[in-house]
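Scroll down for the structure; my scribbles are underneath it.
All of the numbers you see were taken from the coordinates with simple rules; none came from a lab. The shown structure was predicted, so the numbers you read here are calculated from the model rather than taken from an experiment. Ideal geometry is used to build each Cβ from the backbone, glycine not excepted, and the neighbour counts take in all protein chains shown.
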Amino acid sequence: MSVPKAGFEPLHIKGKTLLPIVQGGMGVGVSAHRLAGTVASLGALGTISSVDLRRHHPDLMAKTAHSRDRALIDAINLEALEREVHAALALSNGKGAVAVNVMRAVSAYADYVRCACEAGAHAVVVGAGLPLDLPELTSEHPNVALIPILSDARGTGLVIKKWMRKHRLPDAVVIENPRYAAGHLGAPTLDGISNPHFAFPEVIEGTLALFKELGLEREKIPIIAAGGIHTHEQVRELIGLGATAVQLGTPFAVTEEGDAHPNFKKVLVEACPDDIVTFMSVAGLPARAVRTPWLADYLDKEAKLQRVAKARKCTVGFDCLQQCGLRDGIAKQGQFCIDQRLAYALAGDVKRGLFFRGSEALPFGKAIRPARELIEYMLTGTVGAQGTDGASDATARFDEAA
């Protein structure tokens with residue numbers, strides 16, 4: 001597979017020439033070394049989600065499974081992250097690039113960033129908050145690309161202007177539309193998710209205008225569009241608007257190489273539009289997931305749980321979030337342990353897990369296909385001997401139901 005075949009210009013990040021496809025970071029453990037390394041081996045940017053990666057390492061889980069020692073759990077998770085980065089780099093065979101996604105909202109944010117750099121990751125991607133301090137945290141690693149995830153031109157301006165005062169620019173920016181994305185969404189409220197000012201045309205145009213205002217060449221900071229992208233035609237449209245690349249989350253989560261249990265993939269591919277809901281996460285951000293038995297039960301009880309919210313000890317012992325609705329008793333936020341629920345999902349526990357998913361159809365409908373075929377389809381509109389007719393039909397049915 002090559003960029004000329006795709007007909008698009010490549011994505012240039014820190015001296016690397018990549019396919020204009022980015023695999024989004026998905027935790028807990030959904031995008032670990034197997035997915036990220038495979039995507040990189042195909043010439044694109046693969047991403048490891050840094051959160052609670054001990055879940056992929058039985059020996060590390062054995063050391064912490066019944067522990068409430070935060071320092072021990074944090075240290076074990078850093079060891080797991082280092083292992084995953086090394087494994088992804090080995091799997092990539094020197095091709096593409098391997099990034100680590102770190103949520104700004106997690107309590108070990110700074111440690112994860114430093115660990116990712118020291119382990120040899122090519123890039124650090126940060127969302128769920130403005131990473132205004134990322135240049136300082138990575139100052140000893142100037143060759144690591146820094147990529148913030150943002151949702152509008154205003155937030156992009158805040159980050160770039162702050163970083164410029166520190167003599168650093170983002171090596172790319174991910175512009176994620178909360179109306180369609182999975183997991184934690186870049187809008188302050190549930191009502192704000194569908195605000196028109198998050199629409200790709202407006203944000204991309206506003207970001208390019210910002211670059212011009214700041215005297216930055218358009219090519220200096222590539223724009224990576226993310227959120228609900230699932231067809232080759234969308235890729236063409238977004239790049240036509242001024243994006244350099246696109247980021248996909250859910251479509252990569254359900255590939256053969258996705259690091260989660262087969263049941264996880266089954267839940268995502270079989271979800272209908274009515275099964276996908278938005279709600280407030282414990283992190284204080286809106287989130288989007290599949291209405292599984294646990295989530296349906298939780299949403300029925302949410303109002304009552306929020307009325308009786310009060311501060312309590314962390315149920316998993318390592319205070320994974322800087323601010324947690326359940327632990328800190330914040331009534332307007334979610335009232336459940338997100339680490340525990342995402343871990344259930346990773347392991348394929350359909351009844352108890354929280355399964356993040358984007359709102360849109362999947363490129364191959366209910367089929368689980370290799371990452372190679374997904375990348376080829378998104379770039380060319382065709383894929384292998386199986387073709388995409390079935391996928392197109394499934395997409396049409398999904399869109400009609402929506």
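Taking N as the number of residues in the stretch 74-191, what value does Rg over Cα atoms divided by 2.2 N^0.38 Å take?
Cα-based Rg divided by the globular estimate yields 1.08.
By per-residue mean of other Cβ atoms within 10 Å, what is the highest-first order of 55-61, 335-341?
Highest to lowest by the protection proxy: 335-341, 55-61.
Under the √(5λ) rule applied to the eigenvalues of the Cα gyration tensor, what semi-axes describe the equivalent ellipsoid of the stretch 52-99? Give them in Å, descending.
Semi-axes (√(5λ), whole Å): 26, 10, 6.
Would you list GLU136, GLU176, GLU237, GLU360 from fewest to most Cβ contacts within 10 Å? Before the final figure, lay out the partial values.
On the way: GLU136 11, GLU176 29, GLU237 15, GLU360 24.
So the ranking, lowest neighbour count to highest, is GLU136, GLU237, GLU360, GLU176.
Using the number of other C-beta atoms within 10 angstrom as an exposure proxy, rank LEU169, LEU268, LEU190 with the fewest first.
LEU190, LEU169, LEU268
Around ALA44, with a cut-off of 12 angstrom between Cβ atoms, what is the net charge of the other residues, counting Lys and Arg +1 and Asp and Glu -1?
Net charge in that neighbourhood comes out at +2.
Residues with amide H under 5 Å of LEU354's amide H, sequence separation 5 or more or different chain, H placed in the peptide plane at 1.01 Å from N; which?
Result for LEU354 returns LEU342, TYR344, ALA345.
Quick one: net charge around CYS320, please, counting Lys, Arg +1 and Asp, Glu -1 for every other residue with C-beta under 9 Å from its C-beta.
That works out to -3.
Go through the stretch 82-89 residue by residue and turn each phi into a ³J(HN,Hα) via Karplus (6.51, -1.76, 1.60, θ = phi - 60°); whole Hz please, and just put x for glycine and proline.
Calculated HN-Hα couplings, in order: 4, 4, 5, 5, 4, 5, 5, 4 Hz.
Please turn the phi angles of the stretch 234-245 into ³J(HN,Hα) values with the Karplus equation 6.51 cos²θ - 1.76 cosθ + 1.60 (θ = phi - 60°), one per residue in order, whole Hz, x for glycine and proline.
My calculation for the stretch 234-245 gives 5, 4, 4, 5, 5, 5, x, 6, x, 6, 9, 8 Hz in order.
Okay, helix-only estimate at 222 nm for the chain: each DSSP H run of n ≥ 4 adds -39500 (n - 2.57), divide by all residues, round to 500 deg cm²/dmol; what do you get?
The per-residue figure over the chain is -11500 deg cm²/dmol.
With both bridge residues required to lie in the chain, what share of the DSSP beta bridges run antiparallel, to the nearest 5%?
Among the beta bridges of the chain, antiparallel pairing accounts for roughly 30 percent.
Please list 3J(HN,Hα) in residue order for the stretch 62-73, calculated via the Karplus relation 6.51 cos²θ - 1.76 cosθ + 1.60 where θ = phi - 60°; whole Hz, with x for glycine and proline.
After applying 6.51 cos²θ - 1.76 cosθ + 1.60, I find 4, 6, 10, 3, 10, 8, 10, 8, 4, 4, 5, 5 Hz.
Can you give the net charge of the other residues whose Cβ lies under 14 Å from the Cβ of THR207, counting K and R as +1 and D and E as -1?
-2
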